[in-house]
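**Q** Please read through the structure below; I'll follow up with questions.
Each reported figure results from applying straightforward, stated rules to the coordinates on display, with no laboratory input. In this text, all values refer to a predicted model and were calculated from it rather than measured experimentally. With ideal geometry, Cβ positions are generated from the backbone for all residues, glycine too; neighbour counts draw on all protein chains shown.
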Amino acid sequence: MESSLIKRMKYWLYFLAKILVAAGVVYVLQTALFFFYPVPPPPLPRFGPPPPLFLHDMLFTFATLGVWLIGAGLFSIILRDQRRRCRTCLRRLIMPVRSGSWGHMVTFGRPKTELICPFGHGTLSIEELQITGMQMPDWQPHDDNIWKELESYYPAGK
Ligand SMILES: [Zn+2]
């Protein structure tokens with residue numbers, strides 16, 4: 001019971017683990033920047049404590065924005081990687097097949113790309129045109145018994 005729950009949650013646990021690792025990387029980068037950045041002498045005349053570096057020191061501010069950019073890039077890579085993984089076994093989906101055609105949409109349908117799990121757990125279908133905002137790719141899990149589907153195409157005894 002518990003193992004099946006973990007099995008089902010594996011996909012999201014993996015996503016969470018990647019997010020946590022990326023957050024850790026960004027945190028370490030920001031801490032290192034704060035720790036190693038040479039503190040400039042305070043402006044004269046001095047009134048009160050020195051101002052914080054962020055927004056008062058241009059180089060430090062841009063370095064902080066750079067760290068933020070790295071974080072955003074990591075997040076984007078994580079999302080992209082997660083979308084193209086099998087929901088059951090986490091392996092990367094393979095064999096992209098493009099189908100559909102704009103010129104012959106009535107015959108072949110809208111253009112989309114389909115990827116499958118190397119172990120046959122399911123098919124991911126990604127629409128080429130994202131016209132109503134970001135469309136989530138469609139995941140179709142396959143039956144456990146792949147032979148059943150195969151036999152349905154070629155009925156025995158024909
Ligand atoms: Zn799989």
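**Q** Output the number of residues of region 8-43 satisfying the condition of being assigned to a helix (DSSP H, G or I) and either touching a residue at least 24 places away in the same chain (Cβ under 8 Å) or of a type in the set (A, V, I, L, M, F, W, C) (or both).
**A** Of the residues in that region, 25 qualify.
**Q** Across region 10-37, which residue is surrounded by the most Cβ atoms within 10 Å (Cβ to Cβ) among those that are β-branched (Val, Ile, Thr) and within 13 Å of Val67 (Cα to Cα)? Reasoning before the result, please.
**A** At the first step, the residues of region 10-37 found to be β-branched (Val, Ile, Thr) are 19, 21, 25-26, 28, 31.
Now restrict to residues that are within 13 Å of Val67 (Cα to Cα): 25-26, 28, 31.
Details: Val25: 14, Val26: 17, Val28: 11, Thr31: 11.
The qualifying residue surrounded by the most Cβ atoms within 10 Å (Cβ to Cβ) is Val26.
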